Amino acid sequence: MKDESTSGGGKRKRGAGAGKPGAVKAVSGKAVVARKRPVSAGPTASVEAAVAKITPARLAAFEILKLVGENKGHSDELLHSPRVDGLSPEDRNLTTALVMGVLRWQIALDARVRGLLQRPEQRLAEPVAIALRMGAFQLLHLERIPAHAALSESVELCRAAGEPHATGMVNAVLRKLAGTQKPGVRMHESVAAFAERLGHPRWLVERWVAAYGREAALKICEADQQEPAEGGMFVERGGDWPVMDDGSRLVGEIAAAAMPEAKRVWDCCAAPGGKTLILAKRLGGAEIVASDVSVKRLAQAEARLRRYAYAERVRFSVADASDAKSVAGEFDLILCDVPCSGTGTMAGNPEIRHRLKVEEFVRQAERQRTILKGALKRLARGGRLVYSTCSLEAEECEGVVDAVVGAGGVVRVPVDGVMAELAERGVLSGEMGSAVRDGALRTLPGVHGGDGFYAVMLERK
């Protein structure tokens with residue numbers, strides 16, 4: 001986690017709207033209602049005065065965390081919005097560190113704070129909870145942030161959000177936390193204990209323990225708490241290769257190697273376009289159709305691909321892959337990288353863990369089966385389809401594939417041979433054999449490097 005900001009406790013760098021009435025609405029999102037305070041507590045500082053005491057980085061992080069909590073935006077999109085672009089480079093770094101760090105560690109932070117409350121069962125107002133999480137995260141995880149800065153600005157965030165009655169409690173809790181030792185790793189922890197320590201829902205971690213074992217589940221949780229980094233699977237980098245995570249690159253490489261002589265190729269859920277680029281680069285003689293149901297996301301993918309000369313042959317089409325009539329003709333090779341819960345990508349998308357419910361896997365699986373069945377209707381005889389997700393859940397992976405195998409002459413083809421071929425060609429570096437389970441690709445965060453992906457090859461006989 002980067003904490004390179006110089007705004008930790010020094011002079012405040014004033015940003016757009018700082019100290020102005022317009023900033024009040026951005027912080028609180030509601031009309032501020034004054035609360036009666038005893039005379040002994042002294043005068044209540046105005047919202048404007050509180051905002052003036054908060055650094056732009058922390059103010060922006062607070063606003064973004066509030067929007068994410070209200071399901072009004074995704075952290076990645078909000079961190080690349082005008083509200084952050086206008087900050088200095090140092091403040092942008094701190095804003096990113098605070099937003100992503102609080103989202104990754106939220107469950108653990110709430111547990112630490114709850115133990116310091118006079119009434120641990122009490123439900124805190126969301127602005128107060130966010131202020132406490134931000135303060136606790138800085139005290140526990142950002143060593144270069146002065147404790148007094150983390151504490152005082154968390155108090156001012158409460159005041160600026162129209163919650164002055166909570167400032168005393170926030171101040172007291174964070175002072176207690178600052179005086180405690182940072183959490184260490186116990187000699188042995190229960191699943192519930194390490195799930196809480198590493199900021200994951202217990203029910204989700206228990207699923208991973210059942211599916212992959214305790215040690216792998218622990219590594220997944222640890223990897224989810226780190227900033228995404230290249231896992232080092234690939235030898236070829238730079239030049240005209242697109243920048244993408246290793247899991248997406250691996251799925252794209254498997255798809256291209258599944259049918260190297262393919263003449264017609266369909267990437268049926270193409271956005272954001274990285275895997276389409278791999279197909280275009282590897283399959284120089286193929287006609288490639290890239291489609292997506294979202295007009296906006298497909299337009300963004302097309303703009304990305306047009307920067308690469310080898311993608312000139314790609315034809316774009318807005319289409320719903322679940323409707324076989326949305327595209328014409330048959331294809332020798334289809335890549336079906338379906339929308340999913342994204343549980344394999346929580347290092348880069350930490351808020352997933354806070355929104356996810358177990359019922360989501362059933363809903364996603366229904367949609368994925370519909371897409372896969374629609375895509376298979378356009379698969380030529382002798383053609384191959386690669387089905388992939390960035391989910392760690394069996395309902396979205398093996399369960400979906402099992403529902404279509406055997407119908408219409410569709411059979412599974414082990415990916416072992418393709419993986420060996422990629423290694424022999426020098427595309428893959430390192431030992432990836434452990435990423436193959438029951439003939440399918442299964443990468444796990446913290447075990448194989450990069451995100452968690454699933455991919456299986458299907459063939460129509």
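Which condition number does Gln226 fail, the rest of (1) at pLDDT 95 or above; (2) exposed (fewer than 15 other Cβ atoms within 10 Å of the Cβ) being met? Gln226 satisfies every listed condition except (1). Count of the range 349-382 residues, restricted to those that are within 20 Å of the chain's Cα centre (by Cα) and buried (at least 16 other Cβ atoms within 10 Å of the Cβ), is 11. Residues of the range 274-291 that are out of contact with any strand residue (DSSP E or B) (no Cβ under 7 Å at 6 or more places or on another chain) and surrounded by 14 or more Cβ atoms within 10 Å (Cβ to Cβ): Gly274, Leu277, Ile278, Lys281, Arg282. Applying a threshold of 7 Å to beta carbon distances and a minimum spacing of six or more residues, or different chains, the list of pairs starting in the range 149-167 at a residue that is within 10 Å of Lys53 (Cβ to Cβ) and ending at one that is of a type outside the set (Lys, Arg) and outside any helix (DSSP H, G or I) reads Glu153/Ile54; Glu153/Thr55; Glu156/Ile54; Leu157/Ile54; Arg159/Ala45; Ala160/Ile54. Looking only at the range 114-143, which residues are under 18 Å from Thr180 (Cα atoms), part of a helix (DSSP H, G or I) and either touching a Ser or Thr at 6+ places or on another chain (Cβ under 8 Å) or open to solvent by less than 10 Å² (accessible area, probe 1.4 Å) (or both)? Within the range 114-143, Leu132, Met134, Gly135, Ala136, Phe137, Gln138 meet the criteria.
Considering the range 385-461, the qualifying strands (runs of 3 or more DSSP E), each wholly inside and each with 3 or more residues that are modelled with pLDDT of 90 or more and surrounded by fewer than 23 Cβ atoms within 10 Å (Cβ to Cβ), run over 410-413.
Can you tell me how many residues in the range 238-290 are out of contact with any Gly (no Cβ under 7 Å at 6 or more places or on another chain), part of a strand (DSSP E or B) and either at pLDDT below 95 or not hydrophobic (A, V, I, L, M, F, W, C) (or both)? Number satisfying all stated conditions: 2. So Thr180 ticks every box in (1) part of a helix (DSSP H, G or I); (2) farther than 22 Å from Thr95 by Cα; (3) among the hydroxyl-bearing types (Ser, Thr, Tyr) but one. Which box is left unticked? Result: Thr180 passes all but (1). Of all residues in the range 94-117, those satisfying the criterion of being over 16 Å from Arg353 (Cβ atoms) and without any contact (Cβ under 8 Å) to a residue 24 or more places away in the chain are Arg114, Gly115. Among the residues of the range 299-348, not one is part of a helix (DSSP H, G or I), open to solvent by less than 30 Å² (accessible area, probe 1.4 Å), more than 30 Å from Val447 (Cα to Cα) and not aliphatic (A, V, I, L, M).
The values are calculated or read from the model by the stated rules, or taken from the named source; none is laboratory data. All values derive from a computational prediction rather than experimental measurement. Quick reminder, even Gly has a Cβ in these numbers, built from the backbone with ideal geometry, and neighbours come from all protein chains shown. What goes into the accessible areas is simple: the full protein's heavy atoms, side chains included, and nothing from ligands, DNA or RNA. Shrake-Rupley method; radii C 1.70, N 1.55, O 1.52, S 1.80 Å.
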